[in-house]
1. Lys212 passes all but one of (1) within 29 Å of the chain's Cα centre (by Cα); (2) assigned to a strand (DSSP E or B); which number fails?
2. For residues that are surrounded by 17 or more Cβ atoms within 10 Å (Cβ to Cβ), free of Cβ contacts under 8 Å to residues at least 40 places away in the same chain and within 21 Å of Thr77 (Cα to Cα), tally how many sit in the range 87-100.
3. Only residues that are farther than 20 Å from Ile315 by Cβ, out of contact with any Leu (no Cβ under 6 Å at 6 or more places or on another chain), of a type in the set (A, V, I, L, M, F, W, C) and modelled with pLDDT of 85 or more: list them for the range 200-231, please.
4. Quick one: which strands (runs of 3 or more DSSP E) sit completely within the range 246-304 and have at least 2 residues that are touching a residue at least 40 places away in the same chain (Cβ under 8 Å)?
5. When the range 74-100 is examined, which residues are found to be assigned to a loop (DSSP other than H, G, I, E, B) and on the phi < 0 side of the Ramachandran plot?
6. Evaluate the range 62-78: report whether one residue or more is assigned by TED's automatic domain parsing to the domain that holds Val133 and over 30 Å from Phe158 (Cβ atoms).
7. When the residues of the range 27-73 are filtered to those that are of a type in the set (Lys, Arg) and either over 19 Å from the mean Cα position of the chain (by Cα) or in a helix (DSSP H, G or I) (or both), which remaining residue is modelled with the highest pLDDT?
Amino acid sequence: MNLADFRNHLSPSDAAGDPAQEGDFGLGDKVARQPGTRLINSDGSFNVVRRGQSFFAPYKKLVEMDWPRFIIVTLLTYLLCNLAFAVGFYLIGPEELSGIEGWTPFDQFLGCFYFSVQTFTTVGYGTIAPSSVSANALAALLALFGWVALALVTGLFFARFSRPTRMIVFSDKAIVAPFRDGKHSLQFRIANKRDTSLINVQARVVMTWLEKTDAGLSRRFHPLQLERDFVALFPLNWTIVHPIGEDSPLHGWKREDYGSRYSEVLVSLDGYDQTFAQQVHLNNSYTYEEMEWNVRFEPMYQERERTTELLLDRISDTVPCEEE
């Protein structure tokens with residue numbers, strides 16, 4: 001469906017002035033009005049790109065980038081810094097470093113590089129040493145630079161290991177399935193994928209969709225009432241359920257309505273991690289393309305003689321069910 005067809009398909013809002021924007025997470029009804037644009041990415045970040053006067057924060061980038069890129073950036077920085085100081089020692093003169101006299105020019109440059117590495121890391125084997133004022137001054141600067149660099153890298157590694165990570169795993173799909181008393185419900189499933197003590201977990205779910213108003217396309221938000229929105233303990237999985245009753249904004253929606261309105265289920269979770277003694281917050285979303293109908297979740301834990309096994313690889317497993 002193209003944009004023109006979509007505009008004609010939607011009917012004007014019957015809720016003009018309705019305060020149904022209370023669940024918009026602070027996004028506003030003018031955002032993401034292009035059909036097919038999601039609000040929250042699969043990694044939980046908001047689908048917003050800052051331009052213009054956005055502030056570049058290298059510390060934040062280094063803390064949040066993935067581990068392979070971080071290791072590569074660290075190694076490249078280490079090599080480039082030592083190469084720069086090796087060039088400095090070579091320009092001063094290889095003869096100003098005792099222990100490399102009579103070497104070939106290439107070997108002398110390697111000697112300057114390895115001396116830089118030894119001074120940078122405070123190893124100092126003693127086979128090569130500065131023998132002039134200029135060489136000693138550059139070595140002193142290099143030693144100071146090495147201390148600062150070591151402190152920065154140590155802090156970055158600690159920050160990366162200690163920061164909250166995405167410890168909660170979500171089912172790949174949200175489902176619309178038969179519920180009690182002939183009703184239907186919107187469901188998705190979460191579980192703690194680590195052996196940490198996560199307590200006081202609270203869920204907030206908002207449905208957003210595009211709607212045609214007198215001013216044009218507008219994004220609507222409506223919080224969904226959950227069967228249970230809080231669990232004090234979270235040792236197993238939790239199926240979060242929104243019963244689609246008469247008071248639900250989804251009441252009367254058919255399967256094609258979720259797609260024609262470009263709907264998206266926004267999820268916000270809060271909890272407390274006892275292991276790291278810190279509050280955790282997670283976002284996630286399900287677009288209409290990430291929803292299934294008339295299925296139910298299969299059990300993902302098994303009773304054993306002395307324990308219970310939680311099978312995390314089954315969190316998205318579903319089986320067809322009959323309409324009630």
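1. (1)
2. 1
3. If the condition is that a residue be farther than 20 Å from Ile315 by Cβ, out of contact with any Leu (no Cβ under 6 Å at 6 or more places or on another chain), of a type in the set (A, V, I, L, M, F, W, C) and modelled with pLDDT of 85 or more, then Trp209, Phe221, Leu224, Phe230 are the ones that fit.
4. 264-273, 278-287, 291-293, 295-297
5. Of everything in the range 74-100, just one residue is assigned to a loop (DSSP other than H, G, I, E, B) and on the phi < 0 side of the Ramachandran plot, namely Ile100.
6. no
7. This residue is Arg69.
One line per residue, one yes/no per condition, for (1) buried (at least 19 other Cβ atoms within 10 Å of the Cβ); (2) closer than 25 Å to Arg163 by Cα; (3) touching a helix residue (DSSP H, G or I) at 6+ places or on another chain (Cβ under 6 Å); (4) among the hydroxyl-bearing types (Ser, Thr, Tyr):
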| residue | (1), (2), (3), (4) |
| --- | --- |
| Ser285 | yes, yes, no, yes |
| Glu289 | no, no, no, no |
| Phe297 | yes, no, no, no |
| Gln302 | no, no, no, no |
| Thr308 | no, no, no, yes |
| Leu311 | no, no, no, no |
| Ser316 | no, no, no, yes |
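The values are calculated or read from the model by the stated rules, or taken from the named source; none is laboratory data. Only a predicted model underlies this, so the values are computations on that prediction, with no experimental measurement involved. Note: ideal-geometry Cβ built from the backbone for every residue, glycine included; neighbour counts use all protein chains shown.
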